[in-house]
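Heads up: the structure comes next, in structure tokens.
What follows draws every value from the coordinates through simple rules; no lab data is involved. The shown structure was predicted, so the numbers you read here are calculated from the model rather than taken from an experiment. We place every Cβ from the backbone using ideal geometry, glycine too, and count neighbours over all the protein chains shown.
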Amino acid sequence: MLLNVNNLSVSFGGVHALDLDHFSLRDKELRVIIGPNGAGKSTFLDIICGKTKADKGEITFNGKSIFGKSEVKIAEAGIGRKFQKPSVFPGLTVYDNLLLAAKMKKDIFTSLFFKSTPALEEKIHHVAVKLSLTNVMYKPAGDLSHGQKQWLEIAIVVLQDPTLMLIDEPAAGMSDEETESTGALLLELSKSHSIIVIEHDMKFVEQIANELVTVLVRGKRLMEGTFAEVKNDQRVIDCYLGRTNAQLETL
Ligand SMILES: Nc1ncnc2c1ncn2[C@@H]1O[C@H](COP(=O)(O)OP(=O)(O)OP(=O)(O)O)[C@@H](O)[C@H]1O
């Protein structure tokens, strides 16, 4: 297994945000995590990437413990995170955002004196093609559509060469067409990366979940199964009942 998590828990002011018995992920697996609001999904990804410190538990990545390590050490170990909030520089072009991301892979001292190389240009181009950004390369990032901004964010994570990518609600606020393209992009990326995606949009989950879906509820793992198993599970249906009927109808 690439990632192994056991008995991971964290409380905030006495409230159990996460109390996860077990979670594991294979190399090149694309896992989707779903669950109602406040289920602990973002907290789980925050702990894996070192942004939040857990109270206790075990997390091994590539056979080594990353529990309690800093965000920098975890990123160096090969875990990249795309947050829900945009973090691109709107005044810079798409190309400059990508170049900066590629530079940031190096330490700050190296970045200061860093010059682009043909190999790096090739890499940026390759990532831009993968994320459908080639025709907006020289546009300011602030002028991109919402979907394109999200793809730029994903491209920035891809440029860090992570083994595992953690992606929080990539389709939030997207049009149907953008959502579908995002699903296709993630499926393509999953050929070369392991990916954990948090998502609420069930149509999108159905598109990308060709392996397992993990359902979190109130910080605990309710079940894990194929999309069909999850959508027909009475406990899953019950926990969505009365919360988001629109989601239930699409389940
Ligand atoms: N830094 C924090 N301080 C205090 N409470 C927090 C903090 N982060 C998360 N929580 C609480 O932990 C619980 C889990 O939150 P989390 O954001 O992980 O859920 P989620 O499943 O990602 O929800 P959503 O789908 O709404 O994003 C919630 O009750 C939330 O209020």
What span do the alpha-carbon atoms of the chain cover on each of the three principal axes, reported in whole Å from largest to smallest? 55, 39, 32
Sort the following peptides by mean Cβ neighbour count (other Cβ atoms within 10 Å, averaged over residues), highest first: 201-207, 119-125. 201-207, 119-125
Mean Cα-pair separation over length for the chain, i.e. relative contact order, pairs under 8 Å, 6 or more apart, %: 26 percent
FRET efficiency (S192, S11; Cβ distance; R0 41 Å; to 0.05) is 0.65
What dipole magnitude, in Debye to the nearest 20, does the chain give about its Cα centre under +1 on Lys/Arg Cβ and -1 on Asp/Glu Cβ? 800 debye
What number, rounded to the nearest 500 deg cm²/dmol, is the helix-based mean residue ellipticity at 222 nm of the chain, given -39500 (n - 2.57) per DSSP H run of at least four residues and division by all its residues? -11000 deg cm²/dmol
HN-Hα J in Hz across region 154-164 - Karplus 6.51, -1.76, 1.60, θ = phi - 60°, x for Gly and Pro: 5, 4, 4, 5, 4, 5, 7, 6, x, 6, 10
For V72 paired with D143, estimate the spin-label separation in nm (one decimal), with each label point 7 Å from Cα along the Cα-to-Cβ line. 3.7 nm
M1/A228 FRET efficiency (R0 41 Å; Cβ-Cβ; nearest 0.05): 0.95
Give me the net charge of L166's neighbourhood, meaning all other residues with Cβ under 11 Å from the Cβ of L166; Lys, Arg count +1, Asp, Glu -1. +3
